[in-house]
Structure formats: C-alpha cells, structure tokens
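The structure appears right after this line, and notes come after that.
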Amino acid sequence: MIEFLMKKVLMVGLSVLFFSGLFLMVRTGKEFSGDLKITGGSFIEGIKILQKKNGTTVWTLTATKARFLEDENRAELSDISMMLQKNGVVLYADKGIYNLSERSFTTSSVVKADAKDYKITADSVDYDVSSGNIKTGGRIKVEGKGFKVEGKGMESDGDKKVKILNDVTATFDR
C-alpha cells in the first residue's frame, strides 16, 4: 500500500513539474529573440522552399531531407524536386546543394526534367535563382515528340533560350 501511494505521489509530482515547465515555455507575450543556430549535425525532414516575385510563385523546391553544412549558408538536399512554374518544368535529382546566401542550387548527380512536350536528362545542373539562368558543363539530352538533341554543356537564360554548346547531335523523326 505504501509503495502504491509513493508511486502515485511521484507521478503527480512529475506531472506538475512537467506542466509547469510547459507553461513557462509557452507563456503569451514572450517571443524568442535569439538567433537560431544550426550546427553541422542538424537536418530538417520534408523541406519546401518557395521563391516568389510580386506575390507570384516563381519556383518551388521540395526535398525529403536538408542537412545544414558547417558554414550555415548551404544545405545539402536529398530526393529533390523543383517546379519552375513559369515554364511548367519539374526537375528531379537525388542530391544537391542549395546556397542560402547566393540563392543558387547546384547538383552533381543526374538531373531529369519533365515538361509538357519534352524531357531533359543532364549530368548536373547549376541554377542561379536570382537571374533564372541554368547551366551545365556535362552531357545533356533533350527528347520530345519527333526529335532528340544531345550534346555537352548547356546554357539557358530566364526566358526560353537554350544553347547546347559542344558535340551537338540532333535527330528528327518524320
């Protein structure tokens, strides 16, 4: 009987202590004023980054995991998809790095992109968010209805201009 009573008193005491601590942490009128510091071992699961211009979403980047690197300006992303709303293109990559200070996205893994009328496969991609420029130094293949273009190196500005730089091969089906 004494053992049961001691357990009950201990549980009530721990409950009061827990709820008191919880109450102190969520008091109204208090805001967190310190800087949030993320160390090298930190990561976020299920991240979504939106870039808006004049209230309209320009692109949306989602990743299953973002691990913040030591310099705190870069995040290593896993299982990435990036929707470029203006062009209706969705990029997919296994891994990449998003630079928070430069607002750029780079991947050294294979990137696949799907659009309404074509598909793109590239060895890697560098995307400058502020200018909308996309480039790669590696192999690239663009396939669509009735055509296929392959080459090495590509540059694209924020509009619809795309240049494949070297070793270009184009095949058109009739």
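The values are calculated or read from the model by the stated rules, or taken from the named source; none is laboratory data. Here the structure is a predicted model, which is why all the values come from computation and not from measurement. For neighbour counting, all protein chains shown are included, and Cβ atoms are generated from backbone atoms with ideal geometry for every residue, glycine included.
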Fill in: Scan of the stretch 63-111 for residues that are over 19 Å from residue 123 (Cα atoms), surrounded by 16 or more Cβ atoms within 10 Å (Cβ to Cβ) and β-branched (Val, Ile, Thr), ordered by number
none
Worksheet item: Got a sec? Which of 116, 65, 95 is over 12 Å from the mean Cα position of the chain (by Cα) and not aromatic (Phe, Trp, Tyr)?
Response: 116
Worksheet item: Across the stretch 68-92, what is the number of residues that are of a type in the set (Ser, Thr, Tyr) and more than 9 Å from the chain's Cα centre (by Cα)?
Response: 1
Worksheet entry | Test: residue in the stretch 33-46 that is at pLDDT 85 or above and either among the charged types (D, E, K, R) or closer than 30 Å to residue 135 by Cβ (or both) | yes
Item to complete: Filter the stretch 141-161 down to residues that are at pLDDT below 85 and in contact with a strand residue (DSSP E or B) (Cβ under 8 Å, 6 or more places away or on another chain) and give me whichever is surrounded by the fewest Cβ atoms within 10 Å (Cβ to Cβ).
Response: 157
